[in-house]
Structures are given as C-alpha cells and as structure tokens.
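Student: Okay, here's the structure, questions in a sec.
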Amino acid sequence: MSPTEPSSKSALRRFTEACNYPGVIDEAAVDAQLRRYLQALGIKRDVRQLQRGWKLENEPALKKYVDEVLAEFARRAPKDILDARDARAARDARAALDARAALDALDARAARAALDALQRFATWCIGSTWWRWWGCEMSWMVTSHVGALQLANTALQACTEPLFEAFIAGAWILHWTEDTVYWIAKPTVHVEPIAQGRRLHNSSGPALDSDLEPIYFWHGVMVDDFVVERPETITVEQIQKERNAEVRRVLLERYTFPRYIEDSGAKKIHEDEFGELYRAELDGDEPIVMVRVLNSTAEDDGSRKPYFLRVPPTIARARDAVAWTFGYENSTAYAKALVQQA
C-alpha cells in the first residue's frame, strides 16, 4: 500500500487481484489466517485442507457430517429433494440416499458403489449453497472486510481481516463440520473471450480444475468429463436421451452433425440432381436438416467424396438447401446468379 492510499482502497485492489484464479496459493498462510479467524470468533475447530484426491472415508469429521445430512434428507419428501438448485445435484442427492442403504449390503461391489455415491454427495454438499449446509464460497463473504475498513469499524475488522487474508493467500471454499473447518484452494480457471466478456471453456480438460472436483465446460455449458476428454464414446442414444437442450447441442457438436444424420436413421425428405436432404427430429429443440452433396473435385480414383451441410429447418428441397449454402434465398435466385456469372 502506498503511504497515501486509503486502507479500504488497498484492500479492494488486493481483492480484485486475488479474484484472478488461481493466483497465489500459500497453504501455510491460509492455515495461519483461518486459525486467527477462529480465535477472533471464539470458536474451536481443527483447520484442514482438502487436497486433490481426497477421500470421504479418510475424513471422519466430514463423513459424520454427510451421515447427518443424509439422515435429514431421509426425513424429507422426494419433492423437497428435487427443489435443489441444480438438476445434477438433485440426481446425486437421490443416488446418495440409495447409497446409504447400500452401505449395509454384504456384496463388496455394492459397498464400493455406495462409497462412490457418498463421495459424489459429499462433493456436492461442500460445493453447494443449497438450503443450510455449512459451506461458503469466500469471494463474496470477504468483501465485508472492505466495508469494515470504510466504516472504520475496528470490531468488525478483527473478525473479517483474517478471513480476508486467507482468501488473498489462496483459500476458495470453506466448509464447517462439528469439529473441523475444511478449506479448498482456488481452482485453475480456463475461459474463452466472447463479445459479452468471457465464459468457461477448455477443449482438453476441466475448465474449473479444482481440488474439490474438476468441472468441465464446453463454450459455457457444463458437461460431463467424457464430452470433453472422450468424445468418441458419445452415442446416438445418449444424445437422444439428453433432456437439457444446451447439453444436447454440445453432444451433437462433439459427435458431429454429419455422423448423427448417418447414424441416427434420419429421414430423407427430398432428393434431386443437387443432392439429398435429410431431417432428424429432436425432442424439445429444432430439427437438424442437412443436405448431402458430392464434392465437385474428384478424388484420385475418380470418385467424388460426399459431405453434409447443415441448413435451416424450414428448407424442404435439396436444391434450395444448396442455394442457401451459397447465400441465396432459394434455388431460383441461385440459378439466376449462375446465369449471370456465365
């Protein structure tokens, strides 16, 4: 801080810099600051970092907390469970309820599956702000320290300053249990620029690469890991069963539209000397319409390679589809342009 810079402005500047994840990760400093924070609150807890590869079975305090949450879920109606803010989280919640019963199973594979489900559920509990589970993403919380400095509220500063410094040193998420405060380091974030600013995207791995859980985004849409890392495993059945329209479009993009037309049994709706027009219906979304044409340049063996071009779903004739790909409204306009060019 410069001698003339107000402390609140200095704190705001440091906060802004620290919001460029991951930034500085100083585990020892985070641990020390969180212990100061607990002391300021007059609360006794152990401080523990959850590191990459953590396992619920190795965290007794967290395991006890998860068991308590599951017991609460069991007392709730299924409708309340479905009120979770994220559909993926809701599915994990239901899986966890099933897993709780499976823990009593004698079959070893069932027990392993149950542990995996509990791990996913614990991850959701830590990363979620739904209802009253004890966790927080720190970036919004530590801004109270800037306010305390602006108001010259020394009592509030005593509580907020250690938490603020823990965030500056690399803490991202705090999660409270009965006897332990867990913290997770800031993730590595991958984004791409767009006209409105930027959005999460990584074509080769997780866009939000954290010790809690790697999360994958494709041009701003959250997807499962295989969509990014193993697109060759995507199937027509997965595409057709996906209810989220944005995710389905990503699946189609990764599968490729021509392959989907060929593999899904799309209906041929028109054919003429210009090509073949196919249409594939999609539940809850506009249909895929593509025209199959032959490359004007012959291969070495004299054959002509076919390829597909996507066109608007309103087009009903192959010749109009080909015209549209050249920027013409219909085949009549396209034919006139060809005559003029000749």
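The values are calculated or read from the model by the stated rules, or taken from the named source; none is laboratory data. This one's a predicted model, so the numbers in the text were calculated from it and none came from an experiment. Neighbour counts run over all protein chains shown; Cβ positions are idealised from the backbone, glycine included.
Student: Given the conditions (1) surrounded by 19 or more Cβ atoms within 10 Å (Cβ to Cβ); (2) within 23 Å of Gln240 (Cα to Cα), which single one is not true for Glu286?
Tutor: Among (1) surrounded by 19 or more Cβ atoms within 10 Å (Cβ to Cβ); (2) within 23 Å of Gln240 (Cα to Cα), the lone unmet condition for Glu286 is (1).
So that you can scan it fast, the table gives a plain yes or no per residue for (1) over 16 Å from the mean Cα position of the chain (by Cα); (2) not assigned by TED's automatic domain parsing to the domain that holds Thr314:
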{"site": "Val223", "(1), (2)": "no, yes"}
{"site": "Val228", "(1), (2)": "no, yes"}
{"site": "Gln238", "(1), (2)": "yes, yes"}
{"site": "Asn244", "(1), (2)": "no, yes"}
{"site": "Arg249", "(1), (2)": "no, yes"}
{"site": "Ser264", "(1), (2)": "yes, no"}
{"site": "Asp272", "(1), (2)": "yes, no"}
{"site": "Gly275", "(1), (2)": "yes, no"}
{"site": "Glu281", "(1), (2)": "yes, no"}
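Student: Exactly one of (1) among the acidic types (Asp, Glu); (2) surrounded by 12 or more Cβ atoms within 10 Å (Cβ to Cβ); (3) assigned to a loop (DSSP other than H, G, I, E, B) is unmet by Glu262. Its number?
Tutor: Every listed condition holds for Glu262 apart from (3).
Student: Shifting gears a bit: Taking the stated definitions as given, is Ala171 more than 25 Å from Glu57 (Cβ to Cβ) and aliphatic (A, V, I, L, M)?
Tutor: No, not satisfied.
Student: Here's something else I'd like to know. Considering every residue within the stretch 1-14, establish whether at least one is under 19 Å from Glu213 (Cα atoms) and within 30 Å of the chain's Cα centre (by Cα). I'd like the intermediate steps shown before the answer.
Tutor: From the stretch 1-14, those under 19 Å from Glu213 (Cα atoms) are none; that's our starting set.
No, the stretch 1-14 contains no residue that is under 19 Å from Glu213 (Cα atoms) and within 30 Å of the chain's Cα centre (by Cα).
Student: Among the residues of the stretch 165-189, write down those that are more than 27 Å from the chain's Cα centre (by Cα) and either outside any strand (DSSP E or B) or crowded, with 20+ Cβ neighbours inside 10 Å (or both).
Tutor: Those that are more than 27 Å from the chain's Cα centre (by Cα) and either outside any strand (DSSP E or B) or crowded, with 20+ Cβ neighbours inside 10 Å (or both): Glu165, Glu178, Asp179.
Student: What are the residue pairs meeting all of these: first residue in the stretch 154-175, first residue under 25 Å from Ser128 (Cβ atoms), second residue of a type in the set (Asp, Glu) and at pLDDT below 95, Cβ atoms under 6 Å, and 6 or more apart or on different chains?
Tutor: Going by the 6 Å Cβ cut-off, the qualifying pairs are Ile173/Glu137.
Student: Also, I was wondering about something else. Can you pull out the residues in the stretch 190-221 that are over 10 Å from the mean Cα position of the chain (by Cα) and closer than 16 Å to Gly23 by Cα?
Tutor: His190, Val191, Asp209, Ser210, Asp211
Student: What about Ile215, is it touching a Lys or Arg at 6+ places or on another chain (Cβ under 8 Å) and among the aliphatic types (A, V, I, L, M)? Steps first, please.
Tutor: On the way: touching a Lys or Arg at 6+ places or on another chain (Cβ under 8 Å): no; among the aliphatic types (A, V, I, L, M): yes.
Answer is no for this residue.
Student: For the stretch 136-152, give me each residue that is more than 14 Å from Pro6 (Cα to Cα) and of a type outside the set (D, E, K, R).
Tutor: Keep residues of the stretch 136-152 that are more than 14 Å from Pro6 (Cα to Cα), which gives 136-144.
Selection gives Cys136, Met138, Ser139, Trp140, Met141, Val142, Thr143, Ser144.
Student: Do we have Ala207 as outside the structural domain of Lys64 (by TED's automatic domain parsing), surrounded by fewer than 17 Cβ atoms within 10 Å (Cβ to Cβ) and either in contact with a helix residue (DSSP H, G or I) (Cβ under 9 Å, 6 or more places away or on another chain) or more than 26 Å from Arg243 (Cβ to Cβ) (or both) here?
Tutor: Answer is no for this residue.
Student: Still on this structure: Considering only residues of the stretch 190-203 that are part of a loop (DSSP other than H, G, I, E, B) and small (Gly, Ala, Ser), which is farthest from Asp46 (Cα to Cα)?
Tutor: Among them, the one singled out is Ala195.
Student: Which condition does Ile234 not pass, out of (1) under 30 Å from Phe217 (Cα atoms); (2) in contact (Cβ under 8 Å) with a residue 40 or more places away in the chain; (3) out of contact with any Ser or Thr (no Cβ under 9 Å at 6 or more places or on another chain), if it passes all the others?
Tutor: (2)
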